[in-house]
Amino acid sequence: MIKFLRHVVVDDFWLKLFSLVLAVLFWLTVSFAIQQKEVAPSPAPTLTPAVHTFFNLPVVVMSSAADVAQL
């Protein structure tokens with residue numbers, strides 16, 4: 001069991017350490033970017049598109065000539 005754990009930790013140690021450092025740097029970059037986005041006010045108010053819902057429009061189902069028999 002000790003031999004297995006030693007193999008897991010020691011083999012390719014520098015590659016594992018590099019991967020850990022790279023993951024931590026990536027995590028820190030993303031967390032700082034999220035914090036900056038929350039803190040920084042927007043320079044101008046964003047315009048939201050107007051949403052219109054129409055209830056009285058007819059719906060026409062279109063199909064090819066081969067599908068007519070299935071309707």
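The values are calculated or read from the model by the stated rules, or taken from the named source; none is laboratory data. Keep in mind that what you see is a predicted model, and the values were worked out from it rather than measured. Accessible surface is based on the protein model in full, side chains and every heavy atom, while ligands, DNA and RNA are left aside. Shrake-Rupley method; radii C 1.70, N 1.55, O 1.52, S 1.80 Å.
Overview of values
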read-out: Residue 9 accessible area, 1.4 Å probe, all protein chains in place, Å² to nearest 10; value: 90 Å²
read-out: Largest to smallest accessible area among 27, 14 [probe 1.4 Å]; value: 14, 27
